[in-house]
Amino acid sequence: MGKKKQRRSPKNTPAESPKIASSAASSAPEKAPSRRGLPVVAWVGLALVAAIGAGWLMAKLGKKETKEGPAVVSAAPSSASPAPSASAPPSSSSAPSALALALGPIIEPEAQAHAGYAGSASCRECHQEIYDQWIASNHGMAERPLNDKLDKEAFDPVHVFTHGTQTSEACLRDGKAAVTALGFDNKKETYPIERVIGHDPLRQFLVQGPGNRLQTLEATWDPHKKEWFNVYGNEDRKPGEWGHWTGRGMTWNTMCASCHNTRVRKNYDEKTDTFHTTMAEMTVSCGSCHGPMKEHVEWRRKYPDKTLKDPTVVKHTPEQKIETCATCHARRTEITGDFKPGDSFFDHHALSIVDESNLFYPDGQVWDEDYEYTAFRGSKMHAAGVKCLDCHNPHTAKVFTKDNSLCMRCHVGNVQPFPKAPAINILTHTFHQPDSAGSQCINCHMPQTTYMQRHPRHDHGFTIPDPLLTKQFGIPNACNRCHTDKDVDWTLAAVEKWYGDKMNRPARQRTQVIASAKRGDPASREGLLSILASETETGSWKGTAIRMLDPWITDPVVYQAVIKLATHTDPVVRTAVGRALEPLLQQGGPLEARTTLHTLLQDPIRSVRTTASWSLKATLDLATQQGKELLHMLDHNADMPSGQMQKGAFWFARNEPQKGLEHFQKAAQWDQGSAGVRHELAVAYSLAGKPQEALHALQEAIKLDPKQAEYQFKLALAWNELGDMDQTIKALEETVKLDPRHPRAWFNLGLARNSKKDTAGAIAALRQGEVVNPADPTIPYARATIHAQLGQTEEAKQAATRALQIQPNYTDARQLLMMLQRGPMR
């Protein structure tokens, strides 16, 4: 019924790591980077130039993940064609309603923001019963000072426990709770406990760190088993690692504070690398969900007659309530750091969605530590109007019932407010004994994954278990999560027997398309375009389809289909559009792409505007409101390695390579164990004209992650830039050994072999590249030039013709074909 994962990704995912010369835009966990269709590194012209070519960083880099989270934003190379000023965007009749952006502060002044909160204790005066429910809940106990009644047993008597190669001790030292552990400067020291975060099923503890930080210990208390355990499980993390408890990956100010407290201001000072974090109230208080209510408290004290309606109270819509929950129950990147209830989630966050990374499975199930909102938002439940509060008591933070009666309130047929909910007969639907685990709705449609070693969480995608998808793509199904002694064929046979053609539903077909696209299957393009054109598909899945169409974004059919969705009602879709169009700017693409991005700069939702601003960052007017919003986001996330890389990409795009390089160097200094950061540092070094340093950084990345094909590919390009073709070929051959479906590696291997007079090997590599990516016209064109060089006119004609079939306006291929028709070129 569940699987177990170590803690890997806080919900406050830092700003996603950029790719200096890639496409992207908003919001990034830690799987092998995908290529997203690398463009040509060098062009084989009519002069039969066979070198891979200098300036290898103009290759479009793939999205990668660092330990901090998924990579999202990317920078355009400094050679991107100029964009019009943000202050004078092109007009568009299809733009969202005109927006008069205020020229005031990007976020509300701190003193003013915090002054609106009266404190949860004031609510008790009128709402005693609700207050009592809340104060004992996981929300009410989300963060608190130490409490003898709750915490003494964890420290008295002394508890000593071993984790990995280390031993830690929890004890009372001079009457104060403390933990002795390997910590800062790789020394074993005793750290007094400052506060507790979390309550049930586990409790973590905060200790003081440098620069006004609070750090979250890996030593964690299980109040049920009355034992200490390592939240990282069997990992043996050491000081100096980003994810060690002393590292930035466990800094409370960034990773924990905003979701364990009320209206937090992180207040990071980049110059001094220090924090001055404040909050309206400790823990997830009444104000966390209801917003600043001081005016309400004061009005009600003045007018205690409850028959009088308080004019200061503004009722939130159902979607506003969901988005308030989502602020902490989502994998997301912060844009402002200042959400309050009633605001749009998307004015303050960029939501992580199903994409080419391994954050989510292609059917929407959580893969990494993704929390609930993205999966729920892509579900049929959300599409039908189901809300968090339909199932959860907001004050106890628990579901109303833990059995099937919760689901059967609606699934009995023609019941308000969901009359279209299908009627389910439990006895005939599950094919399991009524009292068995297999007859419980949530075990099949909300499978559990255990995070942080002791915290099982239900998937909120409400998916239908589908063993066919497991067999085809390795997507887990709830049946085999429970029946671990059976294989997928056994499960598939049972499901087909029980449900037959009912399993061949639209969600399965959509998943097959997305999973195929994730594998790099060119045939998935048409299916993705069908999702964009669908009148029934939700915005969440259209956003995913846009993301997955990235390898084909230069295709007019594709980018026109994407541009049509720039006025979609869902901000996830409009954000995906703004992100998708950036590569077209890098390649001097169609004017309509730039026009669309300038329309999105005026979008009423900030995450959409910020995404468009990022895509246009090379020439964005930083004095405009959009420019200020982008700079605020960059500064807000600058306390993390990913944020430093994002700033570095920003300055490279604005043609200030030295300033950009300094940010990448700082990111590498802050996260010395990340291969991905060293990969990006190599890109930065090369753009800054330091090829030897780039080579060294790539070699370090490969030491940390030797199985990553993309690093070997970049290593090959670095060796080529230094003029060593033998090492270039060796690295390219290693690339295709690690990833046989890497089309640009095959392409460049063909060119490299040709430069060494290995024409047979060159043609073989290029043919393999055509198999892997039949939609790329440059590969058959390169092969055509080699055939022509060898006097193989017919083969050259066929290859040039193939290039023109893929891209009819391919000028070089057309010119080559015309020359070949006049006779052999040797």
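Some observations on this one:
- Selection status of Asp776, in a loop (DSSP other than H, G, I, E, B) and charged (D, E, K, R): yes
- Restricting attention to the stretch 257-311, the residues that are farther than 26 Å from His199 by Cβ and either β-branched (Val, Ile, Thr) or outside any loop (DSSP other than H, G, I, E, B) (or both) total 14.
- Residue match in the stretch 172-183 (condition: open to solvent by less than 50 Å² (accessible area, probe 1.4 Å) and either at pLDDT below 95 or more than 26 Å from Met282 (Cβ to Cβ) (or both)): yes
- So Leu620, is it under 23 Å from the mean Cα position of the chain (by Cα) and under 26 Å from Ala566 (Cα atoms): no
- Enumeration of residues in the stretch 538-551 that are open to solvent by 10 Å² or more (accessible area, probe 1.4 Å) and outside any helix (DSSP H, G or I): Thr538
- Evaluation of Thr511 against (1) of a type outside the set (Lys, Arg); (2) touching a Ser or Thr at 6+ places or on another chain (Cβ under 8 Å); (3) not assigned by the TED database to the domain that holds Met408 (one fails), failing number: (2)
- On the stretch given as the stretch 191-209, residues that are open to solvent by 50 Å² or more (accessible area, probe 1.4 Å) and either modelled with pLDDT under 95 or part of a strand (DSSP E or B) (or both) total 2.
- Being open to solvent by 30 Å² or more (accessible area, probe 1.4 Å), within 22 Å of Trp245 (Cβ to Cβ), at pLDDT 95 or above and not in a loop (DSSP other than H, G, I, E, B) holds for only one residue in Glu169, Glu129, and it is Glu169.
- Residue that is modelled with the highest pLDDT [pool: residues in the stretch 576-589 that are within 22 Å of Arg547 (Cβ to Cβ) and open to solvent by 30 Å² or more (accessible area, probe 1.4 Å)]: Gly589
- Of all residues making up the stretch 213-232, the number that are buried (at least 16 other Cβ atoms within 10 Å of the Cβ) and in a loop (DSSP other than H, G, I, E, B): 5
- Among all residues of the stretch 685-698, there is at least one that is closer than 20 Å to Lys617 by Cα, crowded, with 24+ Cβ neighbours inside 10 Å and in contact with a Ser or Thr (Cβ under 9 Å, 6 or more places away or on another chain).
- Scanning the stretch 779-799 for residues that are within 11 Å of Leu820 (Cβ to Cβ) and part of a helix (DSSP H, G or I) returns Ala784, Thr785, His787, Ala788, Thr793, Glu794, Glu795, Ala796, Lys797, Gln798, Ala799.
- Just one of the listed residues (Arg594, Arg579, Arg574) is among the basic types (Lys, Arg), assigned by the TED database to the domain that holds Thr538 and more than 26 Å from Glu319 (Cβ to Cβ), namely Arg594.
- When each of Thr251, Thr246 is tested for being in contact with an Asp or Glu (Cβ under 8 Å, 6 or more places away or on another chain), crowded, with 22+ Cβ neighbours inside 10 Å and either outside the structural domain of Ile197 (by the TED database) or modelled with pLDDT of 95 or more (or both), the lone residue that passes is Thr251.
- Qualifying residue in the stretch 729-736 (condition: out of contact with any Gly (no Cβ under 6 Å at 6 or more places or on another chain), of a type in the set (Val, Ile, Thr) and within 17 Å of Gly643 (Cα to Cα)): no
- Helices (runs of 4 or more DSSP H) contained entirely in the stretch 407-519, each with at least 2 residues that are closer than 30 Å to His742 by Cα and open to solvent by 40 Å² or more (accessible area, probe 1.4 Å): 467-473, 506-518
- Residues that are among the hydrophobic types (A, V, I, L, M, F, W, C) and more than 30 Å from Asp305 (Cβ to Cβ) within the stretch 123-142 comprise Ala136, Met141, Ala142, listed in sequence order.
- The C-beta contact set for the stretch 125-142 (first residue more than 22 Å from Ile197 (Cα to Cα), second residue basic (Lys, Arg) and in a helix (DSSP H, G or I), distance under 7 angstrom, 6+ apart or interchain) comprises Cys126/Arg300.
- Neighbours by Cβ (under 6 Å, 6+ apart or cross-chain): first from the stretch 309-331, charged (D, E, K, R); second not in a loop (DSSP other than H, G, I, E, B): Asp310/His296; Asp310/Trp299; Glu323/Phe345; Arg331/Thr13; Arg331/Tyr371
- Among the residues of the stretch 642-664, some residue qualifies, meaning at least one is closer than 28 Å to Glu334 by Cα and touching a strand residue (DSSP E or B) at 6+ places or on another chain (Cβ under 7 Å).
- Those helices (runs of 4 or more DSSP H) lying entirely in the stretch 708-757 with at least 1 residues more than 24 Å from Tyr781 (Cα to Cα): 709-721, 725-738
- Counting the residues of the stretch 800-825 that are open to solvent by 50 Å² or more (accessible area, probe 1.4 Å) and either in a helix (DSSP H, G or I) or touching a helix residue (DSSP H, G or I) at 6+ places or on another chain (Cβ under 7 Å) (or both) gives 12.
- Taking every residue in the stretch 362-376 that is open to solvent by less than 20 Å² (accessible area, probe 1.4 Å) and pairing it with any residue that is acidic (Asp, Glu), at least 6 positions away or on another chain, the pairs with Cβ-Cβ distances below 7 Å are Gln365/Asp459; Val366/Asp459; Ala375/Asp459.
- Subset of the stretch 596-641 that is of a type in the set (Val, Ile, Thr) and in contact with a helix residue (DSSP H, G or I) (Cβ under 6 Å, 6 or more places away or on another chain) - its residue that is surrounded by the most Cβ atoms within 10 Å (Cβ to Cβ): Thr611
- Test: Thr554 is in a loop (DSSP other than H, G, I, E, B), open to solvent by 40 Å² or more (accessible area, probe 1.4 Å) and touching a Leu at 6+ places or on another chain (Cβ under 9 Å): yes
The values are calculated or read from the model by the stated rules, or taken from the named source; none is laboratory data. On a predicted model such as this, the values are computed, not experimentally measured, just so you know. As a convention, Cβ positions derive from the backbone with ideal geometry for all residues, glycine included, and neighbour counts pool all protein chains shown. For accessibility, only protein heavy atoms count, side chains too; no ligands or nucleic acids. Shrake-Rupley method; radii C 1.70, N 1.55, O 1.52, S 1.80 Å.
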